[in-house]
Amino acid sequence: MTIAIIGGTGFIGRAVAERLTLRGQTPLVIARGEHPVNLPAGASFAACDRMDGAALLDLLRRYRVDTVIDIFCLGLLNTRPVLDAMAQLGGRYLMLSSVDVYANYAGLLRRETPPIQSTPARETDPLRSFRYPYRGNPRRPQGVSAELFEDYDKLLIEEAALADTRFATTVIRAPMIFGPGDKQHRFKWAIDAARKGGLVKLDERAARWPNSYGYVEDVAEAMVLAATHPAAAGRVYNVGQDFVRTPIEWLLTFAVMFNRSLEVETVSAGEKALLSERADASDLRYPLTLDTTRIRTELGFAEPTAERDALARTIASES
């Protein structure tokens, strides 16, 4: 039988394909084929639009797929056809969800005012109650149509997939993912400042904001483990690093990587210092952190990449 990756040609999908091939699998990568495809040896590619449910089901049956890893599930508009195909196919469905399902995210966006949860979110902790977080939100990633982002909501997909008993669902809730190929360049701000060295002025509102991250290869390994482990069916797992750093701590971490002397001064909002735009747009009293104990204890997950190697590769990709 075959494991298929839907949306597997990009930043995260290629890493998942690579982790599968390292396990001796020959994954089928499915995407529309509108961009150049660069896959690891051992993976195969088939072009298909995920929103064409009939064509997708035919493709999955033709390749005898029994497990689907869904990278690009944004909202029900672009995922309902996948779920309908899974309902006829059966088997395992793993979806990549996000830290943005938790209640703190609603506070971060200033859409609701939930109690501030200072401890990392566990899978059983409160979720946000409002829906469609990108509607009316100008701060959203580029490269996806406005229609899909208007419909974006991982919570709705989680609910629909987990409720369907015709296939077994596993949900992976990921933090901000970094590494080579990250189009959002999540650590560029810290890498550029640390490379320069000297005095760095950092917005005081952002300086001590806790946030979780995950290195792309490590998140991919967690996804592959959860997609193939019998105990993961029907379960929800947070993934990401097992520690949390603030922006000050990340600056100092990258300074060590560069062997640079760095002094960080926190300054008021009026100085428009580093990360001021993030602080202007968000309520940074709300941490965005994840407790990843469950996947480590239930499935025995551990990061395959040493942190220094992860950071070195990320730095090289931003050079």
Review point. Which of the following residues is within 26 Å of LYS201 (Cα to Cα), in contact (Cβ under 8 Å) with a residue 12 or more places away in the chain and β-branched (Val, Ile, Thr): ILE248, ILE295?
Key: ILE248
Review point. List pairs: first in region 14-41 and farther than 15 Å from ILE69 by Cα, second surrounded by 22 or more Cβ atoms within 10 Å (Cβ to Cβ) and among the β-branched types (Val, Ile, Thr), Cβ under 6 Å, 6+ apart or cross-chain?
Key: VAL37/THR9; LEU39/VAL29
Check your understanding: buried (at least 19 other Cβ atoms within 10 Å of the Cβ), part of a helix (DSSP H, G or I) and touching an Asp or Glu at 6+ places or on another chain (Cβ under 9 Å) - does that describe any residue in region 196-215?
Key -> no
Exercise for review: For region 229-238, indicate whether the set of residues that are closer than 25 Å to ARG285 by Cα, touching a residue at least 12 places away in the same chain (Cβ under 8 Å) and in a loop (DSSP other than H, G, I, E, B) is non-empty.
Suggested key: no
Check your understanding: Do any strands (runs of 3 or more DSSP E) lying entirely in region 41-101 carry at least 2 residues that are more than 24 Å from TYR237 (Cα to Cα) and not hydroxyl-bearing (Ser, Thr, Tyr), and which ones are they?
Key -> 44-47
Exercise for review: Examine region 112-121 for a residue that is within 20 Å of the chain's Cα centre (by Cα) and surrounded by 15 or more Cβ atoms within 10 Å (Cβ to Cβ), and state whether such a residue exists.
Suggested key: yes
Revision key, fill the gap. By my count, helices (runs of 4 or more DSSP H) wholly in region 249-319 with at least 1 residues that are β-branched (Val, Ile, Thr) are 293-299, 307-317
Check your understanding: Can you tell me which of THR67, THR9, THR79 is modelled with pLDDT under 95 and buried (at least 16 other Cβ atoms within 10 Å of the Cβ)?
Key -> THR9
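The values are calculated or read from the model by the stated rules, or taken from the named source; none is laboratory data. Values in this document were obtained by computation on a predicted structure and should not be read as measured data. Here the Cβ is made from the backbone with ideal geometry for all residues, glycine too, and neighbour counts use every protein chain on show.
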